[in-house]
Amino acid sequence: MIVVKKFSLKKIPKKSILILFLCVFIGGLFLIRLSFSFELKGKNKITIPYQTEYKEEGVQLHFLHLDLSKKVSVQGKVNSEKLGTYKLTYSYKLGFIPVKREREVEVVDETDPVITLDGNMEQQICPNATYQEEGYHATDNYDGDITDQVEVIDEGDSIKYKVADSSGNSAVLSRSILKKDDASPTIRLSSGSVVYVKQGNAYKEYGYTAVDGCDGDLTSKVVVEGSVDTSKLGTYQLTYKVTDSSNNTATITRKVVVNENKTSTSSGKPGVIYLTFDDGPQSGSTEKILNVLKQEGVKATFFVTGNGPDSLLKREFDEGHTIALHTNTHRYEKVYSGVDAYFDDLKKVEDRVIRITGTSSKVIRFPGGSNNTISNKYSSGIMSTLRNQVEAREYVYFDWNVDGNDAGTCAKSSVKDKKTCVYNNVTKNLSKNRSNVVLMHDVKSYTAEAIADIIHYGKQNGYNFEVLTKDVAPVHFK
Ligand code: ZN
């Protein structure tokens, strides 16, 4: 007998059915999961440098062999111009189930700041000095100017500059400091490297100064060696020596020339007029004066400068006038800046005269006269040294005792008749009881016009006209 048991769901326990459904459901989910993938391309935490463009690498989303990557939407934005952490969210709705992935992008500054230094990277300073900061700058690609955050550390033989930006990137730079004095002091001789003294006169030191870049004034430490015997003609040498605290030495020498002590033999000739013309030659006015002198048969003395045409100076010489020296530039700030400067300038005009006339001149006149005070502005007390030195160098200097004032009061715009002004100044001050050295300027046209009348006055009143030479007793201001 066959027993057939009827299959009936009712006979399956409810609990088993529930388990069965659960298994099917879980299996289904498992299958879905197996056929579903959603991955970020690239890392989920990315770091990019400041100002570098973020490149989206995207995602991969597959479901049941379908590529749904392009349907994924991205929320969030990366601003590479601003440091920080940016969140990007990638999302998609699978049926009614939302799925998403996240990525963090951090914009960072990894560039070090830059320090630059003013002045030299290696600096030498005096041994006893402290370094005077020459300046520094610090800039950062993100923070901009961060100079005020630089830390300056004095390490003795170097100065260290340190700075960090807001992201902690740092920079260090050093300036090396060498404390050393290898420069010699400087000695200056007050009256130049050559001085002259007349035989028999006492030699007195003309003075000096010594200065050191590190030690300052060392004048009191100068040692002078050598001696001058003014009883014997000749050239003597004095040596000036000074040493600074770092043992650098300076040495300089001065020649002292002892000359013959000649005294002027002739005394002033009473009743003589020495017409003297300064500052030329000058085209026009000098020619006019030369023409009058020629016509009147009178000789004069021209204290010339470096100005004017050579031909005029030559004409003065050829027509028998004395060529005397008045300095080359006649610029007070130059000729009175120092003893050497004066003699350099004088030498230039002396050379000019030799070149044009073939003869040297030793008759000179100081611009402004031997007692001018304007020279003190450029070199205090220089005139007394110069008066002494020109004589020791065998020049003869002339001042004047009659002033035509053609460069002074007569030159003023309020004086209408300048010619008469010059004429009056000269004729009123002439004297028969002495020699008359008359100061005028051949660069003034009205002086040229006054000359004929002045000469006529002199002739009519019994004066003689002569030229200055080395042997004429000089007229000096007191
Ligand atoms: Zn002058």
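The values are calculated or read from the model by the stated rules, or taken from the named source; none is laboratory data. Just so it is clear, the structure is predicted and the values come from calculations on it, not from any experiment. Note that each Cβ is placed from the backbone with ideal geometry, even for glycine, and that neighbours are counted across all protein chains shown. Surface areas here come from the heavy atoms of the whole protein model, side chains and all, with no ligands, DNA or RNA. Shrake-Rupley method; radii C 1.70, N 1.55, O 1.52, S 1.80 Å.
Annotations
- Two-decimal Rg to Rh for segment 49-132 - Kirkwood Rh, Cα set: 1.48
- 5 angstrom amide H check on Ile46, placed H, neighbours 5+ away: Glu104, Val105, Glu106
- Relative packing of 369-380, 68-79, which averages over residues the other C-beta atoms within 10 Å, highest first: 369-380, 68-79
- As a calculated quantity, the FRET efficiency between Lys11 and Leu31 at R0 = 25 Å, using C-beta atoms, amounts to about 0.25.
- In the full protein context, segment 187-259 carries 52 Å² of accessible surface per residue, based on a 1.4 Å probe and ignoring ligands, DNA and RNA.
- Sulfur and carbon atoms: percent of accessible area, segment 187-259 [1.4 Å]: 46
- Amide H partners (placed H, <5 Å) of Tyr336, local residues excluded: none
- For the peptides 280-292, 13-25, the ranking by mean Cβ contacts within 10 Å, running from highest to lowest, is 280-292, 13-25.
- Once you reduce segment 431-449 and segment 389-405 to the center of their Cα atoms, the two points are 15 Å from each other.
- Qualifying chymotrypsin sites (Phe, Trp or Tyr not before Pro) for segment 73-128 [loop in DSSP, other Cβ within 10 Å: at most 14]: Phe96
- Label-to-label distance for Glu133 and Val257 is 5.7 nm, based on points extended 7 Å past Cα in the beta-carbon direction.
- Near Tyr136, the amide H atoms lying under 5 Å from its own belong to Asp118; only residues 5 or more places off or on other chains count, and H is placed 1.01 Å from N.
- Rounded percent of accessible protein surface that carbon and sulfur make up, segment 1-92, 1.4 Å probe: 64
- Amide N of segment 120-140 lying under 16 Å from the label point, which is placed 7 angstrom from the Cα of Asp154 along Cα→Cβ: 123-135
- Remark: segment 358-364, residue by residue, has Karplus-estimated 3J(HN,Hα) of x, 10, 8, 10, 10, 8, 10 Hz, where x stands for each Gly or Pro and the curve is 6.51 cos²θ - 1.76 cosθ + 1.60 at θ = phi - 60°.
- C-alpha center-to-center spacing [segment 245-311, segment 338-383] in angstrom: 8
- Relative contact order computed over segment 114-179 (Cα-Cα under 8 Å; 6+ residues apart), in percent: 37
- With the helix formula -39500 (n - 2.57) applied to DSSP H stretches of n ≥ 4, the chain reaches a computed 222 nm mean residue ellipticity of -7000 deg cm²/dmol.
- With protein chains left intact and a 1.4 Å probe, residues in segment 37-108 average 69 Å² of accessible area per residue.
- Part-to-part distance (alpha-carbon centres) for segment 18-39 and segment 71-85, which is given in Å: 35
- Relative packing of peptides 463-470, 216-223 - highest average C-beta neighbours within 10 Å first: 463-470, 216-223
- DSSP beta bridges in segment 37-108 [antiparallel fraction, %, rounded to 5]: 80
- Surface share of carbon and sulfur [accessible, 1.4 angstrom probe, percent] for segment 114-179: 47
- Average accessible surface for segment 114-179: 58 Å² per residue, computed with a 1.4 Å probe over protein heavy atoms with every protein chain in place.
- Extending 7 Å from the Cα toward the beta-carbon at both Ile19 and Phe477 defines two label points whose distance is 13.9 nm.
- Label-to-label distance, Lys269 versus Glu57, with points set 7 angstrom from Cα along the beta-carbon direction: 11.7 nm.
- In order through segment 186-196: 3J(HN,Hα) via Karplus (6.51 cos²θ - 1.76 cosθ + 1.60), integer Hz, x for Gly, Pro: 10, 9, 10, 9, 5, 10, x, 8, 10, 10, 10
- Whole-Hz Karplus values for segment 48-55 come out as 10, x, 3, 6, 9, 5, 7, 9 Hz, taken residue by residue from phi with 6.51 cos²θ - 1.76 cosθ + 1.60 and θ = phi - 60°; glycine and proline positions read x.
- Treating r as the C-beta distance of Val194 and Thr111 and R0 as 56 Å, the FRET efficiency rounds to 0.25.
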